[in-house]
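Input: a single structure, listed below in structure tokens.
The values are calculated or read from the model by the stated rules, or taken from the named source; none is laboratory data. Keep in mind it's a predicted model, so treat the numbers as computed, not measured. Methodologically, a virtual Cβ is constructed for each residue, glycine included, from the backbone with ideal geometry; neighbour enumeration extends over all protein chains shown. Only protein heavy atoms, including side chains, enter the accessible area calculation; ligands, DNA and RNA are left aside. Shrake-Rupley method; radii C 1.70, N 1.55, O 1.52, S 1.80 Å.
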Amino acid sequence: TNKPQKMFKLILLGPAGGGRTSLADILLGNSEHVGPLMESTRRSGVMDGREIIVIDTPDLLGLSLGNSKRALEALRSLQLTRPGPHAFLVVVRAPGSSTGINHDVAREIRATLELFGDEAEGYIVPVLTCAERVGRRSTMDQLLEEDAGGLKKVLSLCEQRPELVDIGPDCTCYYFATFSYVFLPV
């Protein structure tokens, strides 16, 4: 039958306005419009025959939550992926995406390590959104070569290369089907 293969669990982290929920919508192939998240939310779907569990979190890495609420939500996100996630996607807007929002990717990764511990290092995948707005600098290789937004520092903080993705309304799941092979277990 069409039983999904191995389950895959992701925790989406990042600042407000970075594109966490839009990325979750695209990965899951649906659009559940939700307002600002106040707590970690578990969503699921099937991609390429694999069940995907996505934990969309409030701004765990920023200052909008107090320390105790941030710690509680970090624990909740881990509990929702028992026995643990396959990856932490740190979702931020791409440097130069002309959105008026500048995110420090390296700071977000350091905050992830502080919150979840150094053991998370090998499971962090930086995801730079708004690729459709980067313009001429449209590839990850070009952004890395220019060291846009200090991306070379990001490479030294985690073991995964950043991914540049389009979360615009014209984005298709096909793009993410190829992107997903970066970290989906076989």
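Here's a check for you: in segment 1-35, which residue that is within 16 Å of the chain's Cα centre (by Cα) and part of a loop (DSSP other than H, G, I, E, B) is modelled with the highest pLDDT? Top of the filtered list is G14. Residues that are at pLDDT 70 or above, closer than 15 Å to G14 by Cα and assigned to a strand (DSSP E or B) do not occur anywhere in segment 143-156. Scanning segment 6-55 for residues that are out of contact with any helix residue (DSSP H, G or I) (no Cβ under 6 Å at 6 or more places or on another chain), in contact (Cβ under 8 Å) with a residue 60 or more places away in the chain and among the small types (G, A, S) gives G17, G18, G19, S22. Does segment 48-57 contain at least one residue that is in contact with a strand residue (DSSP E or B) (Cβ under 6 Å, 6 or more places away or on another chain), open to solvent by 50 Å² or more (accessible area, probe 1.4 Å) and outside any helix (DSSP H, G or I)? Yes: segment 48-57 contains one or more residues that are in contact with a strand residue (DSSP E or B) (Cβ under 6 Å, 6 or more places away or on another chain), open to solvent by 50 Å² or more (accessible area, probe 1.4 Å) and outside any helix (DSSP H, G or I). Each residue in segment 70-93 was checked for being open to solvent by less than 70 Å² (accessible area, probe 1.4 Å) and part of a helix (DSSP H, G or I), and 6 of them qualify.
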